[in-house]
Each structure stands twice: as structure tokens, then as C-alpha cells.
Amino acid sequence: MSAFVDFLLWFSGFVPAPAAIVLLTVLVRAALLPLAVAAARGQRARARLAPQVAAVRKKYARDPDRLQRAVLDLYARERVSPLAGCLPGLLQVPVFFLLYHLFSRDELSGHALLGASLDGRWTDALAQGGPLGSAGLVYLALFALVAAVAAYTYRATRAQTAALGAEAAAPGMGALLRVMPLMPFATLLTVAVVPLAAALYVVTSTTWSAAERAVLHRPERPGA
């Protein structure tokens, strides 16, 4: 971890520290792109089986145990994991937490973005000049970007979940599918309470995720 911090501080000698955070985040997300591609393929595989899963659920609607076995057997026959599309994303979580911890460290004190200190928080910006001060405007811009990304992700996730259908979910995942579309809005709270350096990482990563979704999860053309 200390070596990564030293590298970040060295890198910030060539470009401004905020730009260094954004560039490093983009590089890490680009390195993890194969996992995102695998997740998209898994999601398409589950969508392909959705009609068959719906038929199985209708057939065994009154026998939950038989229903669960039949759904899992269907996935096994088709060589598709019920969690396809989830596991690659879960593998990225430790990397995201590592970067978040890195950008939350005090070593970035002394660096700023348009008057907002990278080790400061939104409350510090409000205390310095209010919401329309130089530091406050930085946060307003981040909030606007995060809100736009969250709104797009919300609509895309709702559409994707509706197309997939709750019937195609692994048994017991229905509640998770209902909550998932709302999760992007939690980023707004995150940006408000973490240091600005970590907020830049979160905003960059979520924006990348939205662009990644737009490319990798776009609807397939008929016959593709």
C-alpha cells in the first residue's frame, strides 16, 4: 500500500494530483475490463434461459423444493451458472476497496482541486465558503455528474431486470434484484462524506461503470 501511495505522489509530480487519481482509476478499470466482459456474457446467458426458467417456475409453482432443483438442473444442463454475471463483479470488489482506502489516506493533504482540498470533505467546503464557494462548486459539479450517472444506471438496470425477468434469477435473489436499481444513488451519499480524493475515485469509477454498461450490455441485434 505504501509503495502505491509513493507511486501516486510521484505521478502527481508530472500531472496534478486530481488528474493522477482519475488516470490511475481509469487504468485500473481498464485492466479489469476482461472481468466486465465475462459478466456481460453471463448476463446474456441468463437472459437466454429466461423463457425456459419461467416455464419451469409455472410448472412447479406449488412445489418450491422441486422448483429450485428444476431451475438448478436447467442451468447445469445448459452449462450456465445461476450467478453468471455476478461473480466477475464480486471479484472486482477487493480492488475497489483497496483504491478507496488508498485515496482516503492523509498523504494527499496539500493537494487541491480548484480550491477544494483533496483530504477535505463536503462539510469542510461548506464551512469555507458555503455551497457556492470555490470548494462548494466542485462538490456541486460532482453531485450533478453522480446524479446523472445514477439516473442512467437506474433506468438501465430496471430495463435489464425487466428483460431478464425475476424468473431467471437464482432462487432467493428476487429481493436483491428489486434493490439493485436503487444502489447507484448511494454514491451521492458517499461523495458527500468521504475525502475529496476518494470522491474523485468513486465518481470516476461509477462513470466508467455506466459507460461500460452502455457498451457491454447494449441490446443485441436480432439474429446476433
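The values are calculated or read from the model by the stated rules, or taken from the named source; none is laboratory data. Here the structure is a predicted model, which means the values were calculated and not measured. Counting neighbours? That spans all protein chains shown, and the Cβs are built from the backbone with ideal geometry, glycine included. Surface accessibility is based on the protein's heavy atoms, side chains included, excluding ligands, DNA and RNA. Shrake-Rupley method; radii C 1.70, N 1.55, O 1.52, S 1.80 Å.
Of the residues His101, His217, ranked by 1.4 Å probe accessible area with the largest first, the sequence reads His101, His217. For Leu113, the amide hydrogen comes within under 5 Å of the amide hydrogens of Leu118, counting only partners 5 or more places away or on other chains and with H modelled in the peptide plane.
Got a number for carbon plus sulfur as a percent of segment 16-76's accessible area, 1.4 Å probe?
Numbers: 2060 of 3360 Å².
Carbon and sulfur atoms account for 61 percent of the accessible area of segment 16-76.
Taking packing as the residue-averaged number of other Cβ atoms within 10 angstrom, the listed peptides 195-206, 132-143 run from highest to lowest as 195-206, 132-143. Of the residues Tyr75, Tyr154, ranked by 1.4 Å probe accessible area with the largest first, the sequence reads Tyr154, Tyr75. Counting only protein heavy atoms and using a 1.4 Å probe, the accessible area of Trp122 comes to about 80 Å².
With every protein chain in place and a 1.4 angstrom probe, the accessible-area ranking of Thr123, Thr25, largest first, reads Thr123, Thr25.
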